């Protein structure tokens, strides 16, 4: 009986370990791990790690902006919010395309979908409509663009690679325009 119980415990532990290991990792973390493995033990390891962190986060955020911009065009009641959503889709689609091209040139793997925290924002807003959507979406856009500007300014100042630095520098004014507009629309829909 003792042998049966201990065997059962070992099987349970192995199953638990297998389940824990098979839980889906965050897509940004997966991309960053892939990039770390590519450049592990190379002269560019530290530089590429910084690039990877910036570019994977930027890609995830850009995907969220496009997804939420499409939702805004469908679920918002305010024309200002719908127009803001359209601007997000247009500008972030362009930036996402540029980022993908840059990532290919730098041999950086980008996530194929947004990270879980970004997906949580999308899921939170997906079933909201009208004034409730407008208020929650615009509040998120203010907060998110403040974070984006910090991320891109940091890359513009600290990235070693001149192409990545240039991309970040070029994108900061666009993000600032988004933040300024988001604040105005947010004040209107509060």
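Derivation of every value follows stated rules applied to the coordinates shown; laboratory data play no part. If you're wondering where the values come from, they're calculated on a predicted model, not measured in any experiment. Neighbour counts run over all protein chains shown; Cβ positions are idealised from the backbone, glycine included.
Each of residue 101 and residue 131 was given a label point 7 Å from its Cα along the Cα-to-Cβ line. The distance between the two points is 4.5 nm.
The base-10 log of I(q)/I(0) for region 91-147, evaluated at q = 0.12, 0.13, 0.18, 0.25 Å⁻¹, reads -0.41, -0.47, -0.79, -1.08 [Debye formula, identical scatterers on Cα atoms, solvent excluded]. Put the Cα centre of region 139-190 next to the Cα centre of region 97-112 and the gap is 19 Å. For the pair residue 123 and residue 187 in one chain, pulling the backbone fully straight at 0.36 nm per residue adds 20.7 nm over the alpha carbon distance. With contacts taken as Cα pairs under 8 Å and at least 6 residues apart, region 24-113 reaches a relative contact order of 38 percent. Using 0.36 nm per residue and subtracting the Cα-Cα separation, the extra length available between residue 169 and residue 29 on full extension is 47.9 nm.
Semi-axis lengths, largest first, of the ellipsoid equivalent to region 120-172 are 32, 10, 8 Å, with √(5λ) applied to each eigenvalue of the Cα gyration tensor. Here the scattering of region 39-154 is modelled by Debye summation over its C-alpha atoms, one equal scatterer each and no solvent; at q = 0.13, 0.14, 0.21 Å⁻¹ the log10 of I(q)/I(0) is -0.53, -0.60, -1.13. Once the Cβ-Cβ distance of residue 160 and residue 113 is raised to the sixth power relative to R0 = 35 Å, the FRET efficiency obtained is 0.80. With contacts taken as Cα pairs under 8 Å at a separation of at least 6 residues, region 48-189 carries a relative contact order of 29 percent.
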